[in-house]
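Report on one structure; see the data block that follows.
No lab work stands behind these numbers, since they all come straight from the coordinates. No experiment lies behind these values; they were computed from the predicted model shown. Cβ placement follows ideal geometry from the backbone for every residue including glycine, while neighbour counts extend to all protein chains displayed.
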Amino acid sequence: MQGSNELPNCHNRLRVSREDLAEALRGSVTPLQRLLLKQFLTRLDLIDSQIEQLDQALATAMEPYSDAIQRLSEIPEWDPMRQHRSVLRSGQRPGCSPH
């Protein structure tokens, strides 16, 4: 078990000296850094929310294709997400055949 002052042996994965890493771990967060972190976390929350909205919109857009997707999902190694993107990129509507 490592003591509180010991660092794990990860020098082969980091591009920083053990001394610099130890100093960074002892450091404190300034008010400006705290503000920046808060802003980054707010952005991440927004991105998560937008991803959820897109997921819901895609699910709604794919509803007309649900029978075909169900049949295709029975094919071994079929990747439904890749297929969803292909259908959406093609611009085809349900019941329409390509030209």
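The range 49-70 to the range 19-43: how many Å between their Cα centroids? Comparing the Cα centres of the range 49-70 and the range 19-43, I get a distance of 38 Å. Among ILE69, ILE47, what is the fewest-to-most ranking by other Cβ atoms within 10 Å? Fewest to most other Cβ atoms nearby, the residues stand as ILE47, ILE69.
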